[in-house]
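Any read-out appearing in this document is the output of simple, stated calculations on the displayed coordinates, not a laboratory observation. None of these values were measured; they are calculated from a predicted model. Heads up, the Cβs are rebuilt from the backbone with ideal geometry, glycines too, and the neighbour counts pull from every protein chain shown.
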Amino acid sequence: MAEQQPSFDAAKYKNAQREQWNKDGAAWRRWNPTLDRWYGEVTRQMLDLALIQPGQRILDIAAGAGEPAVSAAERVGPGGYVLATDISEGIVELALQVARERGLKQVETRTMDGENVDLPEASFDVVLCRLGLMYMPHPVTALREWRRALRPGGRVAVAVFSTPERNSWGALPASIIRWRAQLPPSVPGQPGPFSLGTPGVLEDVFRQAEFGNPEVHAVPVPHSAASAAEYVRVAREAFGGFNAMMTHLSSQERESVWNEVESSMRSFESPGGFEVPGECLVGVAKK
């Protein structure tokens, strides 16, 4: 008989996520210009589909170091309001710094679990979540919470990664790390970068959370850099999940793994530079 998989400990997982982003949040902000180039189009499409207007109240879940909260704040203007939330207290401090540097006084931040939104009912016009929902253990619970916080007619817009086959930027390094670190295969139904990317899954999660007629749009997100070496430098500093997979390896072993990742990523180099494929799904629904 095959050994039974241990039950998934959501509380332990969330605590690890919080610690990881408290540790890696500064690197994510440091690479903001590169990350904004990669994910800028997804952010624009999210905000467009959410129909954000001046004066609205916006809730950003898993806001990280400030996007899409900052871009949303620019759209709602000084008469609007944006609350940027994240499970990591360290990274929301960085988000507030970014907002203040841009003179956006309409942005506030709060440490908050995206599955347990401690906010009044019907208090926001739009809820946003860019690249966060797929990492939540209970995405339907999260969306139900966000729906509760929305005013009647309010909209939710999320971005998640699609399938591993369309996201070589992450799937290829993860497969190498998983093999070298001797990790078991990922389990369907557990959170992860591609957990909501299979066709129909995101729409189903919206419907289970009682949102009607969700729209889902695929958006290319090619990850470009000067070289494979530069891409790996961003990945090992800003993508904390990769490092979290190797915590039990020695520093020499981790360095060896990263060398193998860089070698494999050179297949995406050309005379014009480096570009590896990626794809997001942008989902939007109305309360």
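Observations
- Pairs of Lys residues in the chain that lie 8 or more places apart, or on two chains, and have C-alpha atoms under 29 angstrom apart add up to 7.
- For the chain, projected area of the alpha-carbon convex hull averaged over all directions, nm²: 15.3
- The range 149-287: projected area of the alpha-carbon convex hull, averaged over directions, in nm²: 9.9
- Filtered trypsin sites (Lys or Arg not before Pro), the range 1-106: DSSP coil and at most 15 other beta carbons within 10 Å: Arg102, Lys105
- The chain, relative contact order [Cα under 8 Å, separation at least 6], %: 21
- 5 angstrom amide H check on Gly154, placed H, neighbours 5+ away: Lys287
- Using only Cα coordinates, the Kirkwood hydrodynamic radius of the range 10-73 works out to 13.3 Å.
- Residue-normalised convex hull volume from the C-alpha trace of the range 225-287: 116 Å³ per residue.
- Two-decimal ratio, the range 166-229, of alpha-carbon radius of gyration to 2.2 N^0.38 Å: 1.45
- Net lengthening on full extension, Ser227/Ser256 (0.36 nm per residue, minus Cα-Cα): 8.6 nm
- Counted over the chain, the DSSP beta bridges are approximately 50% antiparallel.
- Computed from point charges on the beta carbon alone (+1 for Lys and Arg, -1 for Asp and Glu), the dipole magnitude for the range 1-117 about its Cα centre is near 360 Debye.
- Average projection, convex hull of the Cα set of the range 23-144: 7.1 square nanometres.
- Between the C-alpha center of the range 171-235 and that of the range 80-135 there is a gap of 22 Å.
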